[in-house]
Amino acid sequence: MNRGWSRLLHSEHGASAVEFALILPLLILLLFGLFEVGRMFWTCNIVSASVRDAARYAARVDMNCGGFANGADTANTQRLARTGTIDVGGTPVIQNWTNNASVAVNISCVSNASGTYLGIYEGAAQIPRVEVTAAAPFQTSFLSLLPGLNLGTISVSHAEVWTQ
């Protein structure tokens, strides 16, 4: 009987299965983590492109250093950043981005006293500049299963100088 236990203790059958069972949870965590990071970059790219398009739209509408000439242009810019369209009731470009207040539209003026901006801006002392800033929610798929881990929001900003 002693000889049987000795042979069992020195046997290497199944050692690789035990090692794999020990490593498997780490591999799964790594796989899901890479998936979430890729999804986060993808979502950030969508929000960045959306905010850039909204800033370009806002730079093309009538404005001055005090703001937009049409009061609806702020809401249109916010909707365009959030949904990809200026129409009311558009579908958000990312899930759960339902609040227009998460998109800020600020108009300021850039000094052209030194003649830095030429072309259509030549001779203008002040040039309106619009900046669109968004804080879009990012909801994880797998990492939300881990308690206390919330990546929160993706913040993106883009500025454009007014073009007539």
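The values are calculated or read from the model by the stated rules, or taken from the named source; none is laboratory data. These numbers come from a predicted model, not from an experiment. Note that we place each Cβ from the backbone using ideal geometry, even for glycine, and neighbour counts take in every protein chain shown. In case anyone asks, the SASA skips ligands and DNA or RNA and just uses the protein heavy atoms, side chains included. Shrake-Rupley method; radii C 1.70, N 1.55, O 1.52, S 1.80 Å.
Longest exposed-loop-site-free stretch of the chain, with chymotrypsin sites (Phe, Trp or Tyr not before Pro), DSSP loop and at most 16 other Cβ within 10 Å?
1-116
Mind checking the dipole of the chain: about its Cα centre, +1 per Lys or Arg Cβ, -1 per Asp or Glu Cβ, Debye to the nearest 20?
Approximately 420 debye in magnitude.
Write out the trypsin sites (Lys or Arg not before Pro) in the range 39-89 meeting two conditions: DSSP loop, and at most 14 other Cβ atoms within 10 Å of their Cβ.
none
Starting at 0 and stepping by 10 Å, how many percent of the alpha carbon pairs of the range 85-128 end up in each bin?
22, 28, 16, 27, 7
Which one, Thr140, Ala72, Ile94, is farthest towards the positive end of the dipole of the chain when Lys and Arg carry +1 and Asp and Glu -1 on their Cβ?
Of Thr140, Ala72, Ile94, it is Thr140.
When the accessible area of the range 79-127 is split by element with a 1.4 Å probe, what percent falls to carbon and sulfur?
51
Quick check: convex hull of the Cα atoms in the chain, volume per residue, rounded to a whole Å³?
Output value, Cα hull per residue: 180 Å³.
Can you give me the accessible area per residue for the range 46-124, using a 1.4 Å probe, in Å²?
Value returned for the range 46-124: 53 Å² of accessible area per residue.
Out of the GluC sites (Glu not before Pro) in the range 9-105, which ones are loop residues according to DSSP with at most 10 other C-beta atoms within 10 Å?
Glu12
Kindly point out which whole DSSP H helices in the chain project their C-alpha atoms 18 angstrom or further along the helix axis while averaging a Kyte-Doolittle hydropathy of -1.0 or above.
15-60
What value, in deg cm²/dmol to 500, does the helix sum -39500 (n - 2.57) over DSSP H runs of n ≥ 4 give at 222 nm once divided by the residues of the chain?
That comes out to -14000 deg cm²/dmol.
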